[in-house]
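The values are calculated or read from the model by the stated rules, or taken from the named source; none is laboratory data. Values in this document were obtained by computation on a predicted structure and should not be read as measured data. FYI the Cβ positions are ideal-geometry reconstructions off the backbone, even for glycines, and counts take in every protein chain you see. Please note that ligands, DNA and RNA were not included when accessible areas were found on the heavy atoms of the full protein model with its side chains. Shrake-Rupley method; radii C 1.70, N 1.55, O 1.52, S 1.80 Å.
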Amino acid sequence: METHYEKLSNDNKHLISGFSCESNTDSLPANARRKVKKHDKEIENFLKREALNEQNLFLNTTHLLINDKNELVGFVSLCNDSLYLAEDSRNKFKTIYASVPAVKIARLGINSKYHGQGYGEQLLKYSLFKSIQMCDISGVSFITLDCYKHRESYYEKFGFSKTDVQPKARPYDTPISMCKHVFTWLKELSQIDSV
């Protein structure tokens, strides 16, 4: 299925009205099921009620992934961020700065009917592409995101790891901060493409 990206606008906002990213939670205990459904609803509400307003205030940009049937497959919202690096991380990434520039994946959602078809990975790669484009304008070292515990292993699969700073107490509903070094990711992708 062919897809393309469009920045959210008044011209395409009609595509978001039927968007639902509700996950299949049948295998989860009741308490976890409620929390996952709550988090999915937060993603939907952001897209439907907040995304365009925040974009108009220059707080983020939302990019829609649209298929050849003119259906919204998923979306990603990006904004600027900075990432604190502890001394070990500064040594690992060869920087003297404790705080480095980043692009944040503020929200990412996939339409329920397209779950499990690789579109999440496609949106992550698109975010990397946009981050690399930013390097021509200003510095970007990392891509960051916050996720809930039930999504942590998904992002780890793509090489994201917990940031150096995490909340001390971690109730289930506390987001986990994760990051990936932009140029490490780019190098990984170029090695895959050359095989």
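Pick the calculated Kirkwood radius over Cα pairs in Å for this structure from (1) 18.3; (2) 19.3; (3) 17.8? After the calculation, the listed value that fits is (3).
Express the carbon and sulfur contribution to the solvent-accessible surface of the chain as a percent, rounded to the nearest whole number, probe 1.4 angstrom. Please report the intermediate quantities before stating the final value.
Details: 5660 of 11120 Å².
Its accessible area is 51 percent carbon and sulfur atoms.
Which value, in Å², gives the accessible area per residue of the chain when a 1.4 Å probe is used on the protein heavy atoms?
Values: 11120 Å² over 195 residues.
For the chain, the solvent-accessible area averages 57 Å² per residue.
Shape index of the range 1-105: Rg/Rh, with Rg the Cα radius of gyration and Rh the Kirkwood radius from the inverse mean 1/r over Cα pairs, equals 1.10.
Taking label points 7 Å from Cα along the Cα-to-Cβ direction, Gln191 and Glu2 give a separation of 3.5 nm. Separation of the range 1-50 and the range 124-177, taken as the distance between their Cα centroids, equals 19 angstrom. Across the range 96-149, Cα-Cα pairs farther apart than 13 Å form 65% of the total. Report, in listed order, any pair from Lys38/Lys69; Lys35/Lys104; Lys125/Lys180; Lys13/Lys180 with a Cα-Cα distance greater than 21 Å. The pairs that break the limit, which is 21 Å between Cα atoms, are Lys38/Lys69; Lys35/Lys104; Lys13/Lys180. Taking label points 7 Å from Cα along the Cα-to-Cβ direction, Leu28 and Lys157 give a separation of 1.6 nm. With both labels modelled 7 Å from their Cα along Cα-to-Cβ, the Asn10 to Asn53 distance reads 1.7 nm.
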